[in-house]
1. Counting each pair of different Cα atoms once, what's the Kirkwood radius of the stretch 116-270 in Å, rounded to one decimal?
2. Please report, largest first and rounded to whole Å, the three semi-axes of the ellipsoid equivalent to the chain, where each semi-axis is the square root of five times an eigenvalue of the C-alpha gyration tensor.
3. Over every pair of different alpha-carbon atoms in the stretch 56-165, take the mean of 1/r and invert it; report that Kirkwood radius in Å.
4. Take the alpha-carbon centre of the stretch 189-206, take the same for the stretch 110-183, and report the distance between them in whole Å.
5. Which of 200, 185, 152 moves most in a GNM of the chain, Cα contacts under 10 Å?
6. In whole percent, what relative contact order does the chain give with Cα contacts below 8 Å and a gap of six or more residues?
7. Given contacts defined as C-alpha pairs under 8 Å and at least six residues apart, what's the relative contact order of the stretch 161-265, whole-number percent?
8. For the chain, what is the calculated [θ] at 222 nm in deg cm²/dmol (nearest 500), taking -39500 (n - 2.57) for each run of four or more DSSP H residues and dividing by its residue count?
């Protein structure tokens, strides 16, 4: 899938796997609020996506990741993934060849972004597509790989079941997150007994049904907040009876209130 723009080329679009460089960085921006989706695809090179503004989510087999501002998503090379972008999106990305560094992760993950990692992505995104590989460029990119290898993993992951019956109710829950039906209610929708539903989702996700649904609420809340929704609107959209009950859930899951969580991510870059 072509993602890069090269002003010196006859065509605007360039396939990142075809660029003869171990690391290719770029910037992206969209000033239009709304949603944009990339259908399932993959690259030979691994990919890092740093979000500065807006929100990005990515689904791969077995999991859904959401990436708010000042976080990044790492997608290993060869992994099939679908991406959804929400809000006025700004950020930076890089494609990294498999042979660039053996320390880099082999699984998809959301990671914290250090000021150094952000600054290197910002600086190298201005390089020509076919930049000179020696000297300052190689030193900057070596530090970029060091930062990626040492990055802290963030808990913004929702395990996704593969059982078709569970996927049907997962899709319903994501389409109508305000539906706070009980385990019995969802079991009937899936055509399963309550015990079978609980046992199957625990086996496939490693979480109880209640814990999984709470993590779903966290993931959706972060995506909605990053897309510009108010705390009151998010609480309502997720079916909470009151804002305080939503805030309590969010604080227990992520350690801070939703207001502070977003303020920290939209604060100064210093």
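1. Its Kirkwood hydrodynamic radius stands at 18.5 Å.
2. Output for the chain: semi-axes of 36, 21, 16 Å.
3. Working: mean 1/r = 0.0655 Å⁻¹.
Its Kirkwood hydrodynamic radius stands at 15.3 Å.
4. One Cα centre to the other: 29 Å.
5. Per the Cα network of the chain with a 10 Å cutoff, 185 tops the list.
6. Here the relative contact order equals 18 percent.
7. Working: 75 pairs, mean separation 23.3, N = 105.
Reported as a whole number, the value is 22 percent.
8. -11500 deg cm²/dmol
No lab work stands behind these numbers, since they all come straight from the coordinates. Just so it is clear, the structure is predicted and the values come from calculations on it, not from any experiment.
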